[in-house]
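Engineer: I am attaching a structure below and will ask some questions about it afterwards.
The values are calculated or read from the model by the stated rules, or taken from the named source; none is laboratory data. As the structure is a computational prediction, the values presented were derived from the model and not from experiment. FYI the Cβ positions are ideal-geometry reconstructions off the backbone, even for glycines, and counts take in every protein chain you see. Each accessible area value is taken on the protein alone, full model and side chains, heavy atoms only, with ligands, DNA and RNA left out. Shrake-Rupley method; radii C 1.70, N 1.55, O 1.52, S 1.80 Å.
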Amino acid sequence: MGHDIQSAITLIEERLHEPPDVQALARACYLSPMQLYRDFYSRTGHSVVEYIRKRRLSEALCRVKSSDMPLARVAAEYGYGSQQAFCKRVKASVGMTPLEYRR
């Protein structure tokens, strides 16, 4: 079980900029989607989609902190539908706006 989930995590990390595709991820790990969901949650404590969402946010915040890239571009690069959606997610997660986080 652990090896399959480690493979899934590796694939997720390699594809953070792509839309999540749990079906393709399950196929790549030779698991059914249900088995992937169960094993992934058991190993990480997160659903596959929630893990991807948290990793994307983490990477986006690193980009905000380490660059002067416009927030709209960061939002688009990490799969947020708009700068407003990104700002709302950041505020809910870290308690400050992306600009406050950047400072």
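Engineer: In the stretch 32-48, what residues are of a type in the set (A, V, I, L, M, F, W, C) and open to solvent by less than 50 Å² (accessible area, probe 1.4 Å)?
Structural biologist: Leu36, Phe40, Val48
Engineer: Follow-up question, since we're still on this one. Can you work out which of the residues in the stretch 65-87 that are more than 11 Å from Pro98 (Cβ to Cβ) and of a type in the set (D, E, K, R) is surrounded by the most Cβ atoms within 10 Å (Cβ to Cβ)?
Structural biologist: Top of the filtered list is Glu77.
Engineer: Report, ordered by the first and then the second residue, all pairs with beta carbons closer than 8 Å, sequence separation of six or more or different chains, a first member in the stretch 22-44 that is assigned to a helix (DSSP H, G or I), and a second member that is open to solvent by 80 Å² or more (accessible area, probe 1.4 Å) and among the polar types (S, T, N, Q).
Structural biologist: Here the result reads Pro33/Gln23, each pair linking the stretch 22-44 to a residue that is open to solvent by 80 Å² or more (accessible area, probe 1.4 Å) and among the polar types (S, T, N, Q).
Engineer: Next question, about the same structure. Which of the residues spanning the stretch 14-31 are open to solvent by 20 Å² or more (accessible area, probe 1.4 Å) and within 16 Å of Arg43 (Cα to Cα)?
Structural biologist: Hit for the stretch 14-31 is Leu31, nothing else.
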